[in-house]
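J.: To start, I am sharing the structure in question, which I have written as C-alpha cells.
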Amino acid sequence: MKITRRNFLKAAIASGLIASIPGEALHTPIEKPRGKQVQAIYSLQPRKEAKVRTYRSACFICGQKCPIRIVARQGQVLTVMYNTDGVNDTQYACCGRPHTIFEAHTLKERIRAPLARDGERGSGSFKEISWSEALDTLASWIREVDPGEVIVFSHQGCEAGIVKEFFKEIVGVPNVTKHCDTCHTAIDYASWWLFGKLIGPGGFRPDYENAKLVVFMGRNPVEGIVAAPWTKMFAEGRRRGMRIIVFDVRRSRLTSLADKYYLIPPGTDLAAALAILHVILRNSLYDEDYLRRYTNAPMLVYTDTLEPVELADNPRIEGKKTYKVLDETDGTIKWKTEAIQPALLGEIVIGGRMAKPALQLLKEAISSYTPSWAEEITGVPAGELEWVARSLAYEAPRAFIDPGYKGTRYRSEGMLFRVIHLINTMLGSIGARGGVAWNKKPKIKSPFKVLGIEGPGPQGEPLYKYWEENGAAFVNHKCYSMLAIKSILEERPRRYRMAIIFNQNLVAHVQGSSDVIRALKKLDYVVVMDTVFSETAVYADLILPLPMFFEASSPTLFTPSKTGRGQLVVVEKALEPPPGYEVRSAWWIVKELGKRLDPGNSTLYEMLGEHEYIWRKQAEDLGVDPEELLDKGVVTLYKAPIYHPIKGKALYTATGEIEILNVEGLSLYRGEVGKPSSFNPFPAWIPPAWMSQGPLGDGEAVVVDICHRMTATNMWIRYTRLTYSTLKWDRMDGVLIHRSKAEKLGIKDGDTIVLEGPGGTLKAKARITEDIHPAVVLSPHATNPGPAEGWITVRYRSGEERIRLFHRTSGMGINTNMLHRLNDLVMEEGGRAIQNDVRVRIRRG
C-alpha cells in the first residue's frame, strides 16, 4: 500500500474509532504467536516475505502500561498489537494511542542530544553538550546543594520508579513527588472515609463484564486514559447486556452507547449523587444483610456529641474495634460481635442520652437532598433521578456507580466520590461480582534491591509534613507536586534551589502555569529529562534527552496498573533511536550518576545494564517461571480480582469494616457537621467554586478539558499528526462552544477567540456545537502551548535548529492550568487541583 495522504487520514480516522473497541473486533490478524490469535491494531506496511521480528513491550503513553507487541523490519515499525499470555485474552488489549509510535520516532519536537541553556532562563535558547559534560555538571550541582533543597518531580513513563528510588534512597532527596494531586487525589481522599486508607483508582476494579447496570459520573472509560483493558471489559459487559446511564457535560462516544444520559452543569454530579443516595435511604432500598455484616451501619452513636456509645478491642480481629449495637432479637444493647440482629434504624436512650445507629444518622443527614432539590441544580427532572436510584437498587449488587479515575476537576469532587462509595455500599456492590471488585497488584522488587544497591535514605523531612501542620490534610505522601511549587514560591519551610523533572511537563500539567513558571525561575538549577521539548523544558538549565519507550529495554519488569490480574510485562527495545540522536535511558543516566556520586558501588551500578538477570530475579521473587515470562513477554498472576466486601480480611478503618460514618472522622471533625466542608463526617452539598460566584454572564463560561481517545498525559502524543487528524475529524481541533453562547457573542465556527482566566489568557479556535452544556467551553487537555508558543532555538553541533511546539498541529485548543491560579487548591484534600473549576471570559480574537 502506497502511503498517500488519503490512506494516512483513513488510518487516523480508524485510530479514533478503535480506541473504544477491542482490537479483535476490528482488525486483521498479522501473526500467530503461541496461544490465542493476536490481532493487529494497525499496519503501515503490507506483509512481506522479508524477515521480521516481534518485540515485547508495554505502552507508556498513558499510565496503564498495556502489554504490546511491536513488529519491525530493518528498523521500521510494521505493526503494533496488544500482547497476551494466550490464556487470559479477555484481560489484554490496547487502545488507539500506540498508533502514534509510527510518528513518534522522528517527531520534530524530539530532543536529540544533551543541552545546556544558552541565554536567559525561559528564552528557549540551548546548545548541545556531551553526555560526559552533562552528567559531570549534574553531579556537581547535586554535590553543591543539600538534599533537602532539591525537589524531584517524576510523572510516569518507563523507569519513573528507578528515577524516584535513586534520588530518594541513594542521593537522599526527601522530596520526590508524582502528579496524583493533579489527577486522582479526590478519589484517594474519598476512600479514606469509608475504607480507612487513601486508595486511588488503581485499587478498584469495576466489574463491567458481570454488571447489569453501571452509572457514570465524571468518568468515560471508552475515551479516557487507561482505556485498555477496561474498554475491552466494558465491551464484554455490553455484549452480555450491561446497561449504562451517563451524567456528563457533553455528548460523547460514551453517551452514544448509553441507554440514558443527562447533560448537566459542570461539577454538579454531587447533587445528583446525593439525591440518588436520598432515594435509596428514604425507601430502604439498601442491602440490609450486607450493611449488618460488613459495615458499621448498626454502630450506636450519641446524638449530642456524635461519639460511638462505646468501643472495645474486637476479640475476633486483632488491632480492630467492636462497638455497641441494639440487638433487635431481644431489644438489648450488646457488642456487635455478640448480637444476632443488629438494628440499622431507630433510637434508644442510654443513661439519659439519645443514641442512634449510624445508618439512621446518615439517613437524617441527607433528608433534605431530595430529587426535587437536585433538579434545581442539575436540570435533571426529579422523576429521572428517582428512576436512576430505583434502577440501581433493582439490579444490585450487580449495579454500581463507577468509582472514577480523575478526581481533580471541581471543588466538590472529593465529596462526590465519598457519596459514590456510600451508594455502592448501600447496594452491596463493593466487593461483589458485577459490582466494584478490589484490585490485586504484585509488588515487584526494584533493580536496586535485586542488586543490593543501598543508600542513606531521605535526608531530612519532606515538605508535605510542613503543610500537614499548616492547613493541608489527607496528603498523598507520594503526590504533592502543587504543594512543592507552593513551597518554592513561598520558600516554606525553606528555600529550595534545584528541581529535577523527569518526564513531567509541570508548566502544562500543574494548575496555575504562570505560578509554575515563577517557581522555576526562582531556582538555581532546573534539570529536565524528557523525550521532547515542552512548555517546561523551555525553562531548563540542563536537558537530558530520553529515548521513546520502544527505543530501549528496561532493567525492570512492569505491571499494568488497573487490571486486577497482576500482569507482569517485559519491556525490550524494538527500534534504535534515529541516526545521530544522542539519547539515553533513565537507567543509564542513573548508572552514570551513581558511579560519579557513589564510586564505591560502581560495579553494582554497571549491573543495571544486565536486564535479563534482573528480570529473572524479579520473576523468581514473585513465583513466576522466568522462562515462560521471557518467552511470552507477559504472564498473568491472578485468575480474578478480589470479590469480597472487605478483601476477605479487615480493612484499614478502626473497626476493620466499611465505615459509613468514619469513627476517626467523627472524632476529628465533628465540629464540621452541617457545613459545606470536605471535613464534614456526613455527606453534604459543596457547590463547585464557579457556582459559588453567582450566575454566569453571557460572555462567561466554565472551562473544561477532557482526555480525548488520542491524547494522554504523556505530552509527546499531542504533537503527532495522527492525533491532530483525529481531533480534526472529531471537530476537537479547537475549543467547543455552545451555539447559543456563540451567537450572543458574535462568534462563528473557526474564529479565533480569546479566553481570559484569573491566571492567564489563551488564544484558541472556536468550534461551534450543540453537544455540550451551554455553561462550558471544552477541549482536549493540553492542546495549547500558551506562553511557550514561540520558537525554541538549539545550536546542535550539526547546525542550528529552530523548533516550535505543535509544529504539525494547530495548538489552538485549551489548557485549563494556564487559565487558573495555583492558590486555588483544595488543601483539605491533599492540596489537590480544581483544574476545571474556573470561570473564563470569552471574546473574539
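J.: Any chance you could run the full-extension gain for Thr106 through His807? It's 0.36 nm times the residue separation minus the Cα-Cα distance, nm to one decimal.
T.: Length gained, Thr106 through His807: 251.1 nm.
J.: Based on the alpha-carbon set only, what is the convex hull volume of region 46-204 divided per residue, in Å³?
T.: 212 Å³
J.: A further question follows. Using a 1.4 Å probe over the heavy atoms of the protein chains, calculate the carbon and sulfur portion of the accessible area of region 643-720 as a whole percent.
T.: 53 percent
J.: Evaluate the distance, in nm, between pseudo-label points positioned 7 Å from the Cα of Thr305 and of Arg121 along their respective Cα→Cβ axes.
T.: So the two model labels end up 5.4 nm from each other.
J.: Hey, another quick one. Give the distance, in whole Å, between the Cα centre of region 556-597 and the Cα centre of region 57-87.
T.: 14 Å
J.: Of Ile646, Cys707, Leu666, whose Cα points farthest to the positive end of the dipole of region 645-750 (charges on the beta-carbon: +1 Lys, Arg; -1 Asp, Glu; origin at the Cα centre)?
T.: It is Cys707, whose Cα lies furthest towards the positive end.
J.: Tell me the relative contact order for region 386-482 as a rounded percent, counting alpha carbon contacts under 8 Å between residues six or more apart.
T.: 23 percent
J.: Right, next: Given Cα positions, please report Rg to Rh for region 419-574, the hydrodynamic radius being the Kirkwood one.
T.: Dividing the radius of gyration by the Kirkwood radius yields 1.03.
J.: Using the Cα centre of region 689-844 as the reference point, and only Cβ charges (+1 on K/R, -1 on D/E), how large is the resulting charge dipole? Debye, rounded to the nearest 20.
T.: On the way: 23 positive and 18 negative charges, 138 e Å.
Charge dipole, region 689-844, about its Cα centre: 660 debye, nearest 20.
J.: Let me ask you something else. How high is the relative contact order of region 735-777, in percent, counting Cα pairs under 8 Å that sit 6 or more residues apart?
T.: Relative contact order comes out at 54 percent.
J.: Continuing with this model, one more query. Which value does Rg/Rh take for region 307-405 over its C-alpha atoms, Rh per Kirkwood?
T.: Values: Rg = 18.4 Å, Rh = 16.7 Å.
We get a ratio of 1.10 for region 307-405.
J.: In sequence order, what are the phi-derived ³J(HN,Hα) couplings for region 196-208 according to the Karplus relation 6.51 cos²θ - 1.76 cosθ + 1.60 with θ = phi - 60°, rounded to whole Hz, with x for glycine and proline?
T.: Couplings: x, 8, 5, 10, x, x, x, x, 10, 10, x, 8, 4 Hz.
J.: A further question follows. What size of dipole, in debye to the nearest 20, comes out for the chain about its Cα centre when the only charges are +1 on Lys and Arg C-beta atoms and -1 on Asp and Glu C-beta atoms?
T.: On the way: 111 positive and 96 negative charges, 518 e Å.
So the magnitude is around 2480 debye.
J.: Need one number: nm distance between label points at Gln74 and Ser677, each 7 Å from Cα along Cα→Cβ, rounded to one decimal.
T.: Going by the 7 Å Cα→Cβ label model, 7.1 nm.
J.: Give me the three principal axis extents of region 140-249 from the C-alpha atoms, as integers in angstrom, largest value leading.
T.: 62, 31, 26
J.: Among Leu736, Val776, Tyr290, which residue has its Cα furthest toward the positive end of the charge dipole of the chain, with +1 on Lys/Arg Cβ and -1 on Asp/Glu Cβ?
T.: Leu736
J.: Round to a whole number: what % of the accessible area of region 128-215 belongs to carbon and sulfur, probe 1.4 Å?
T.: Answer for region 128-215: carbon and sulfur cover 45 percent of the accessible area.
J.: If you don't mind, another one. Relative contact order for the chain: what is it in percent, counting Cα pairs under 8 Å that are at least 6 residues apart?
T.: Computed over the chain, the figure is 19 percent.
J.: Want the number for Thr90 to Leu345: 0.36 nm per residue separation, take away the alpha-carbon distance, what's left?
T.: Residue separation times 0.36 nm, minus the Cα-Cα distance, leaves 87.5 nm.
J.: How large is the accessible surface per residue of region 689-844, computed with a 1.4 Å probe and reported in Å² as a whole number?
T.: 36 Å²
J.: For region 689-844, just run the numbers: alpha carbon Rg, then divide by 2.2 N^0.38 Å, N being how many residues it has.
T.: 1.10
J.: What is the angle, in °, between the Cα long axis of helix 185-195 and the longest principal axis of the Cα atoms in the chain? Nearest 10 is fine, range 0 to 90.
T.: 30 degrees
J.: Further question on the same structure: Using a 7 Å offset from the Cα along the Cα-to-Cβ direction at both Glu789 and Arg843, what is the distance between the two label points in nm, to one decimal?
T.: Computed distance between label sites Glu789 and Arg843 equals 1.5 nm.
J.: Over the alpha-carbon set of the chain, work out the extent along each principal axis and list the three values in angstrom, largest first.
T.: Ordered largest first, the chain gives principal extents of 87, 67, 58 Å.
J.: Here is a further query. Estimate the FRET efficiency between Arg670 and Thr329 by the formula 1/(1 + (r/R0)^6), using the beta-carbon distance for r and 30 Å for R0, to the nearest 0.05.
T.: Working: r = 31 Å, r/R0 = 1.04.
The calculated FRET efficiency here is 0.45.
J.: Given R₀ = 41 Å, FRET efficiency for Asp598-Arg293 by Cβ-Cβ distance, to 0.05?
T.: Working: r = 53 Å, r/R0 = 1.30.
Calculated value: 0.15.
J.: Considering only protein heavy atoms, with the full assembly of protein chains and a 1.4 angstrom probe, order Ser130, Ser554 by accessible area, largest first. Show your work: numbers first, answer last.
T.: Numbers: Ser130 40, Ser554 0 Å².
Result of the area sort, largest leading: Ser130, Ser554.
J.: How would you order 469-475, 148-154, 830-836, 510-516 from highest to lowest mean count of nearby Cβ atoms within 10 Å?
T.: Details: 469-475: 16.9, 148-154: 23.7, 830-836: 28.6, 510-516: 25.9.
Going by the mean number of other Cβ atoms within 10 Å, highest first, we get 830-836, 510-516, 148-154, 469-475.
J.: So, one more: Along the charge dipole of region 689-844, Cβ charges K/R +1 and D/E -1, which of Gly759, Gly746, Thr809 sits furthest on the positive end?
T.: Thr809
The values are calculated or read from the model by the stated rules, or taken from the named source; none is laboratory data. What you are looking at is a predicted structure, and each value in this text was computed from that prediction instead of being measured. Virtual Cβ from ideal backbone geometry, glycine too; neighbours counted across all protein chains shown. Ligands, DNA and RNA are stripped out before the accessible areas are found, and what is left, the full protein with its side chains, is counted by its heavy atoms. Shrake-Rupley method; radii C 1.70, N 1.55, O 1.52, S 1.80 Å.
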